[in-house]
1. Taking segment 148-173 as the search range and keeping residues that are part of a loop (DSSP other than H, G, I, E, B), at pLDDT 65 or above and among the charged types (D, E, K, R), which one is nearest to the chain's Cα centre (by Cα)?
2. Looking only at segment 110-132, which residues are over 11 Å from the mean Cα position of the chain (by Cα) and either within 25 Å of GLN52 (Cβ to Cβ) or aromatic (Phe, Trp, Tyr) (or both)?
3. Could you tell me which of the residues GLN46, GLN75, GLN27, GLN39 is modelled with pLDDT under 85, among the polar types (S, T, N, Q) and either over 28 Å from the mean Cα position of the chain (by Cα) or surrounded by fewer than 14 Cβ atoms within 10 Å (Cβ to Cβ) (or both)?
Amino acid sequence: MELSECYAILGLAAGASLAELKTAYRQLAKQWHPDRFVQDPEKLKQATTQFQKINEAYEILRLQGETRSTPPASQTKTSYRTTTTTDPDFYYWAAQKAVNLNAPQEAIDALTQAIRLKPDYLKAYQFRAFLHEQLGHQHQAAADFRKVAELQLNQTTAARTASRPEPEPSSKPPTQTPPAFTLLTQLSGG
């Protein structure tokens with residue numbers, strides 16, 4: 001989706017401020033939210049499509065405004081892969097968005113990227129396991145569920161270790177008998 005198309009969907013002029021963007025988004029999201037059309041299947045379908053377009057346009061423009069870099073319109077894409085970040089939470093958020101847009105494989109890809117960036121990302125493993133399970137990928141789901149159990153065990157063990165008090169160092173010297181003394185005692189018959 002090109003930037004000009006995003007602005008048109010939201011009814012904004014090119015270069016609108018983030019405040020204008022948020023206001024336009026909220027108004028349109030309220031107007032086209034699918035929950036308003038539950039009783040009318042035809043309007044519900046139209047509202048769902050329009051709502052997805054509004055969300056997508058808003059996210060593209062919001063991200064473009066946050067980075068303050070305007071790529072040429074021919075390079076603008078809708079995928080999270082066009083943004084390079086080292087924040088695993090960004091990819092977790094992208095996975096949630098992909099699920100909302102009924103794109104489970106994109107969600108799995110985003111979660112995989114989040115896990116690459118943060119190998120102990122428990123929530124990402126859980127989310128990916130449930131997605132694999134829903135898609136019938138039983139082996140991948142089982143592997144992710146095992147990793148979830150391992151991470152939970154590690155966290156529990158670390159918490160227990162952290163909560164145990166350190167033993168107080170003893171001020172008395174050890175009461176062991178030196179080996180040489182024991183040997184002399186045995187040789188002398190005592």
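1. ARG164
2. PHE130, LEU131, HIS132, listed by residue number.
3. Being modelled with pLDDT under 85, among the polar types (S, T, N, Q) and either over 28 Å from the mean Cα position of the chain (by Cα) or surrounded by fewer than 14 Cβ atoms within 10 Å (Cβ to Cβ) (or both) holds for just one of GLN46, GLN75, GLN27, GLN39, which is GLN75.
The values are calculated or read from the model by the stated rules, or taken from the named source; none is laboratory data. Note that the structure is a prediction, hence the values are computed from the model and not measured. Here Cβ is always computed from backbone atoms with ideal geometry, including for glycine, and neighbour counts include all displayed protein chains.
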